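Everything below concerns the one structure shown next.
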């Protein structure tokens, strides 16, 4: 199907809009989850939502989104509570407590789901779509529920923006300002749970956490402010959601959740590799050019010191000697310096081989490089010669500094 | 009071009274703004046990006060109790004669630099602006005026050139300066600082000392947790020595003695060119010539210190 035709289809538009909503909300709240290092809590929340989904279906008697989401939120909250109780009262650490709680609730949910599918017609209701997500199952009334809940969540974040930011960055300082940090942290956790729950139908309980974490983790790579991170994570979330939903709507037999997660993971991968400043490739390029620069500096300084030792600014240094000083072949470094006009080749009869001298610019640069090192820079020179016979400029610089 | 005095005799033998004169008329002082910070019968605990036991502390306005004591002595906990980040098990805190929650606007708190994640996506300017959130309340957003104030505060600590720098790109000393700028922008009367000198280079340390002196010149009060016994007498003029209980408090020249430090750090604290405090007896390691010679205590967790850190009745 062509994209235009696809978007002309009412069902597909519904699906795309729903996916965009879910993506934005989970991207925004996921940013806080990532910064608060609560990513795993998101995973526990989404797996633990399954029994709640089933119970919501049982209570409502049909597949209506609102009671199902309420059930999911409640069972997610219970799971989070279990984590809290386990870490507070036993010696179990948080990661283990999360694992225990997650698997317990997910097992209960799976038992309930398989039972309901045999006996209560849950199969017809498409309840199993909550495992891996089914975009096509989204109907306009679902959209209203998702839109309302998600919109309220986003509005709350916008309203308490400063407070959420300062609490996430520096909780003790927020307390010193009199902010109700505990209430803010609790509210934020509830909102993260909401973000997880509204995406369940689309992405499924197993992979929903990816849509919370991935856009935020990717956005973190590109920005230097929380404002930017939250906005970009919202965009990444929406892009992943819409792309995944459209693909799975266009191709029969593609479960929506995994496709959305694949798109989001692709964005993460690109961000990890390419983002300026934090990206792996970017850092690699930086490190390489840094090393290249340092090598150039090293050779310049060696040439300068040799010239100083021979009390002759134009002292022609043999390339082999430079190699020895430098500890490796210096030919390519010298060629680069030559291109930048810092060194010149000279012939020095009767000796064989290329000799090099610093140009005026090169000398100037070598002096600049040595400046921060202070005494150490003059080390060899001071040992060997009296101040009076030091090259003119060098003596002047020392006096100026003294 | 009596209980603490007895407890002290056990560890220190005869000596000058440990309780400073402010305590005598404690009842009178209780609700008077005679003290910038007045801590009364403060007891606080974590799951591991008591970290502060019945601490009474007074800091008069206009001084640079240091809180010293070994690791686990409850220094940071004391500050957290003051700002309400930790609820004490017992006791009261008064800031300029009134409870903290009614004096928040007069207090600036500088947490330990390592207590936050410096990889948080924000800029130096943004962190400093957080100092104005208290004044702005919940709904108002920082605007042009707030940005100007934040820039000014950054300039005061020599960091305005780094205003737009991501905080993870700053050195430890620069991060500490950003924290101090955030406190400055709060324009408080009482500054509570948790180890402002921790992990900063010599240049930053000098800059911070100048800043503290400037605050004092403007009539502000500073209470700082400090770790370096060698500099405490030169940087500060008021001192509280803490080890779960308050060992001593008062002007540095009265309180900075071998005896008091021994009570806090155990007998192995070394003063004055290698002689241990135990040999020194009550010879003051005070503010004069020898003060800078006083070395830091030995290993941070000697049995003596742990013994000293145990509250009575434990």
Exercise. With no solvent and one equal point scatterer per Cα, compute the Debye intensity ratio I(q)/I(0) for the range B:57-187 at 0.19 Å⁻¹ and report its log10, rounded to two decimals.
Key: -1.20
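Could you compute Rg(Cα) / (2.2 N^0.38 Å) for the range B:137-186, with N its residue count? Provide the component values of the computation, followed by the final result.
On the way: Rg = 11.3 Å, N = 50, 2.2 N^0.38 = 9.7 Å.
In units of the globular-protein estimate, the range B:137-186 measures up at 1.16.
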Quiz item: Ranked by Cβ crowding within 10 angstrom, fewest neighbours first, how are A:98, B:136, A:84 ordered?
Solution: A:84, B:136, A:98
Quiz item: Taking neighbour Cβ counts within 10 Å as the exposure measure, how do A:265, A:101, A:289, B:76 sort from fewest upward?
Solution: A:289, A:265, B:76, A:101
Practice problem: Assuming 1.002 mPa s and 20 °C, estimate D for the range A:4-110 with Stokes-Einstein, Rh taken as the Kirkwood radius over Cα pairs, in µm²/s. | Solution: 139 µm²/s
Practice problem: Could you pull the Cα extents of the range A:91-206 along its three principal axes, largest to smallest, in whole Å? | Solution: 56, 43, 17
Quiz item: Of the residues A:280, A:149, A:346, which exhibits the maximal mean-square fluctuation in a Gaussian network model of chain A defined by a 10 Å Cα contact cut-off?
Solution: A:346
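Quote the Stokes-Einstein diffusion coefficient, in whole µm² s⁻¹, for the range B:46-94, based on the Kirkwood radius over alpha carbon pairs, a temperature of 20 °C and a viscosity of 1.002 mPa s.
Values: Rh = 12.0 Å.
Translational D for this selection: 179 µm²/s.
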Exercise. For n ≥ 4 DSSP H runs only, could you compute -39500 (n - 2.57) per run for chain A, divide by its residues and tell me the 222 nm figure to the nearest 500?
Key: -25000 deg cm²/dmol
Quiz item: In Å, what is the Rg of the alpha-carbon atoms in the range B:172-254, and how long is Dmax?
Solution: 12.9, 34
Practice problem: Determine the shielding of peptide B:132-139 by partner chains: average, over its residues, the number of Cβ atoms on other chains within 10 angstrom of each Cβ. | Solution: 4
Self-check item: Per-residue average of Cβ from other chains inside 10 Å of B:166-177
Solution: 1
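May I ask you to work out the translational diffusion coefficient for chain A at 4 °C, viscosity 1.567 mPa s, via Stokes-Einstein with Rh from the Kirkwood sum over Cα pairs, reported in whole µm²/s? All intermediate terms of the calculation are to be shown ahead of the outcome.
Working: Rh = 25.7 Å.
Translational diffusion coefficient: 50 µm²/s.
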Quiz item: In terms of the Cα gyration tensor, with a ≥ b ≥ c the square roots of its eigenvalues, is the range A:161-242 rounded because a/c is under 1.5, prolate because a/b exceeds b/c, or oblate?
Solution: oblate
Quiz prompt | Other protein chain Cβ atoms within 10 Å, averaged over every residue that makes up B:117-124 | solution = 6
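Laboratory data are not the source of any read-out in this text; all were calculated from the coordinates shown. Since this is a predicted model, take the numbers as computed values, not measurements. Cβ atoms come from the backbone with ideal geometry, glycine included; neighbour counts cover every protein chain shown.
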